[in-house]
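Undergrad: Pasting in a structure now, in structure tokens, and then I'll have a few things to ask.
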Amino acid sequence: MKVYEVGGCVRDALLGRPVHDRDWVVVGATPQAMLDAGYRPVGKDFPVFLHPRTHEEYALARTERKTAPGYHGFAFHAAPDVTLEDDLARRDLTINAMARDADGQIVDPFNGQRDLAARVLRHVGPAFAEDPVRILRLARFAARFADFTVADETYALMRQMVQAGEVDALVPERVWQELSRGLMETRPARMIEVLRDCGALARILPELDALWGVPQRADYHPEVDTGVHMLMVIDMAAAIAAPLPARWAALLHDLGKATTPAQVLPQHIGHEMRSVDLARQVCERLRVPADSRDAALLAAREHGNIHRCLEVDAAALMRLLERCDALRRPTLLDHVLDACEADHRGRAGLQDRPYPQRARLRRALAAAQAVDAGAVVARLAGEKNGERIAQAVHQARVVAVRAALATEPAV
């Protein structure tokens, strides 16, 4: 029995990046031998075990064979005669197909170290084409390693996979898992670029792919193209360290611009509600978690109003906060404000612009939250009409917001 560190932990150590999780492959062992050594089984499709002390995952060396379309259609074979190279050959990228033995020696049968030095993402072999998830994974790695390029032959293979319909077999949960992880990388725009370049974006997010070639007003959007703007927005969301719901909202906030009638371009009047409808469609299809879905729908609907909040009075600000459900869900407002700041600054040459709208809305919300609704109700002396009570509380909050704005610093 021989044990090797494999995959991402070897890659990241060679890159000088922090190693958070370690994966191990065991060569020459049987499931019973692992059980006898005190390991606990956790794998269903193939033998994976937890170390009795570290609880890290140890997998028996295995090979795999394609048996059906999609990424579920695989048969796995794990046995003592499966070699380390056999196991590494089934992996996706050369930089992920390296191992390190107990003496620290690197096992690199597919030249992963060469591709690390050249900053290239390259598939290990033709087996890459058997699993469409690998397209999503490669795109995610492109977002993490933004200075890496994708090998020409790998791009060609991914395009062939898309044309063969492999991407259409992906289940929504796995698409969301990979997209959400990629959005949390340092350059999420790279993920979208790679997916678009190989044709996969048009299959999994056609509503987003449709943004390229759609013009916007050059006086407000120097980058003009809506797709280019979207890439700038999601990279800005990453730059301000926005959480996932805000990054997802940033990605979807302008979908309606792709459906603006050609005769009224580059104006996009009314695109907000069209964006809401398309964002809802995407979120339902991919089964997006509620926090990210709600942020996307709210940002799509209200981003224009939030951008213009410096121009309106206290009553309009209060109505905006109520539409955002900000008093009950202030974290949702924070997510939307992150997306709006990314939208505002995700424009060519305007990346360093301040976004005072955030401070104004937060100041207004704090003032509204400070109103004692119970005291307002008590002053109504037994009023039973719920609508009049709600209006009185609303008006008290408007007064509080107006007072807070009267003392705010000049913008």
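Undergrad: Just how far, in whole angstrom, is the stretch 364-382 from the stretch 306-336 if you go by their alpha carbon centroids?
TA: 18
Undergrad: Let me ask you something else. As a test of the formula, what do you get for the chain when each DSSP H run with n ≥ 4 contributes -39,500 (n - 2.57) and the sum is divided by the residue count, at 222 nm and rounded to the nearest 500 deg cm²/dmol?
TA: -15000 deg cm²/dmol
Undergrad: In nm, to one decimal, how far is the Arg119 label point from the Arg388 one, both placed 7 Å along Cα→Cβ?
TA: 7.0
Undergrad: Let me ask something else about it. Let me check I have the definition right: for the stretch 350-392, take the eigenvalues of the Cα gyration tensor, multiply each by 5, take square roots. What are those semi-axes in whole Å, largest first?
TA: Equivalent-ellipsoid dimensions as semi-axes: 36, 10, 4 Å.
Undergrad: Another one. For q = 0.12, 0.13 Å⁻¹, what log10 I(q)/I(0) does the chain give under the Debye formula with an equal point scatterer on each alpha carbon and no solvent?
TA: The Cα Debye sum returns log10 ratios of -0.99, -1.09.
Undergrad: Next question, about the same structure. Using the Kirkwood formula on the Cα atoms of the stretch 210-366, what hydrodynamic radius do you get, in angstrom to one decimal?
TA: Computed over Cα pairs of the stretch 210-366, the Kirkwood hydrodynamic radius comes out at 15.5 Å.
Undergrad: Expressed as a rounded percentage, what relative contact order does the chain have, with Cα pairs under 8 Å and six or more residues apart?
TA: Relative contact order here is 10 percent.
Undergrad: What is the ratio of the Cα radius of gyration of the stretch 1-118 to 2.2 N^0.38 Å, where N is its residue count, to two decimals?
TA: 1.07
Here, each number is a calculation from the coordinates, and none is a lab measurement. None of the values given here were measured: they were computed from a predicted structure. Cβ: placed from backbone, ideal geometry, glycine included. Neighbour counts: every protein chain shown.
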